[in-house]
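Taking it in order: structure first as structure tokens, then the write-up.
Read-outs throughout are calculated quantities, based only on the coordinates presented, and are distinct from any laboratory measurement. Worth saying up front: this structure is predicted, and the values here are computed from it rather than measured. Cβ coordinates were reconstructed from backbone atoms using ideal geometry, including for glycine residues, and neighbour counts include every protein chain displayed.
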Ligand SMILES: [Fe+2]
């Protein structure tokens with residue numbers, strides 16, 4: 001189960017809500033895998049990521065620029081990596097359909113990447129912004 005630990009909250013509602021929704025989506029995918037009705041969930045997930053990539057990544061990148069985040073370029077690179085991963089998965093799904101191979105690859109790739117990103121790059125951003133606020137008070 002994924003849940004957003006208190007330490008991963010930025011204190012910026014829009015971004016925190018997007019991260020909470022991401023955890024919710026990952027949990028639904030996880031539940032669907034266990035329950036064996038993953039095909040419909042993957043279709044919903046793909047539509048969600050399409051939106052997530054375009055809005056959440058942009059929101060986070062804008063925020064990093066506003067705060068002069070020193071790791072901005074590295075963080076953006078990670079977002080771009082995920083965009084590529086997502087686009088490759090999407091192409092594969094369009095060509096081959098949702099096969100059991102695809103289900104495995106999609107779930108493992110997406111869940112691994114997002115968990116890692118949330119706990120590494122995003123956690124680094126949360127730490128930086130919290131420090132930044134303390135200093136500029
Ligand atoms: Fe991020």
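Numbers below:
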| read-out | value |
| --- | --- |
| Equivalent-ellipsoid semi-axes of the chain, from the Cα gyration tensor, Å, largest first | 30, 16, 11 |
| Segment residue 28-residue 83, extension gain: residue separation times 0.36 nm, minus the distance between their alpha carbons | 17.7 nm |
| Structure-based [θ]222 nm, the chain - -39500 (n - 2.57) summed over DSSP H runs of at least 4, per residue, nearest 500 | -28500 deg cm²/dmol |
| Kirkwood Rh and Cα Rg combined as Rg/Rh, segment 1-45 | 1.09 |
| Proxy reagent accessibility, fewest Cβ within 10 Å first, across 103, 39, 110 | 39, 103, 110 |
| Share of pairwise Cα separations in segment 73-137, more than 20 Å, in percent | 44 |
| Choice from 26, 108, 123 showing the highest fluctuation, given a GNM over the chain with Cα pairs closer than 10 Å | 108 |
| Inter-site label distance for residue 127 and residue 3 at 7 Å from Cα along Cβ, in nm | 2.4 |
